[in-house]
Amino acid sequence: MATYIYINGYPAVGKLTVAKELEKRIPRSKVYDNHLMIDGVAALVERSSPHYQDLRTAARRFFLDIISTHDVTDGVTWIFTDSREKSAEAAAAAQDYKDAAARRNVPFVSVILHCDAQENERRILGEGRGGRTNTKPGRM
């Protein structure tokens, strides 16, 4: 049965690594990494722009609508990654994923991924963070 798995955690805790491992083990599953949206929006406007969050929200809702309603995505287990802190904005973003699962009438599984501080620092400073660069100003 298709399921929507939402993996949330701080940068570099291993969300994409875990998501890719799940994808290998769960038949008919796909990973939708949060950087697909973040980097797309960052190509349009700077992350410091007052329009950045609005565009990011619009992009997330657009893609989640396609994923949750289009025939081609029916029967797929989606594994989403996200990096949200505790705030009203973060809760609304997580709710968007839950609402998408409800539209598709599939279970929603929320996972908060942690790692210890030393491992997180090693991962942040290490190479190969999913083979991508960070679009956040002042970060690697």
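Some points to look at:
- The residue list Lys30, Lys98 contains one member that is in contact (Cβ under 8 Å) with a residue 24 or more places away in the chain, touching a strand residue (DSSP E or B) at 6+ places or on another chain (Cβ under 8 Å), charged (D, E, K, R) and assigned to a strand (DSSP E or B), which is Lys30.
- Among residues of the range 1-24 that are of a type in the set (S, T, N, Q), those with a beta-carbon under 6 Å from a residue that is surrounded by 16 or more Cβ atoms within 10 Å (Cβ to Cβ) at least six positions away or on a different chain give the pairs Thr3/Thr77; Thr3/Val106; Asn8/Asp82; Asn8/Arg84.
- Within the range 68-95, the set of residues being surrounded by fewer than 11 Cβ atoms within 10 Å (Cβ to Cβ), assigned to a loop (DSSP other than H, G, I, E, B) and hydrophobic (A, V, I, L, M, F, W, C) is empty.
- Scanning the range 7-38 for residues that are among the charged types (D, E, K, R) and out of contact with any Lys or Arg (no Cβ under 7 Å at 6 or more places or on another chain) yields Lys15, Lys20, Glu21, Lys24, Arg25, Arg28, Lys30, Asp33.
- Residues of the range 101-137 satisfying the condition of being part of a loop (DSSP other than H, G, I, E, B) and at pLDDT 80 or above: Asn105, Val106, Pro107, Leu113, His114, Cys115, Asp116
- Identity of the residue in the range 33-56, in a helix (DSSP H, G or I) and in contact (Cβ under 8 Å) with a residue 60 or more places away in the chain, that ends up surrounded by the fewest Cβ atoms within 10 Å (Cβ to Cβ): Asp39
The values are calculated or read from the model by the stated rules, or taken from the named source; none is laboratory data. Bear in mind that the values here come from a model prediction, so they are computed numbers and not experimental data. When we count neighbours, we look across all protein chains shown, and the Cβ atoms used for this are built from the backbone with ideal geometry, even at glycine.
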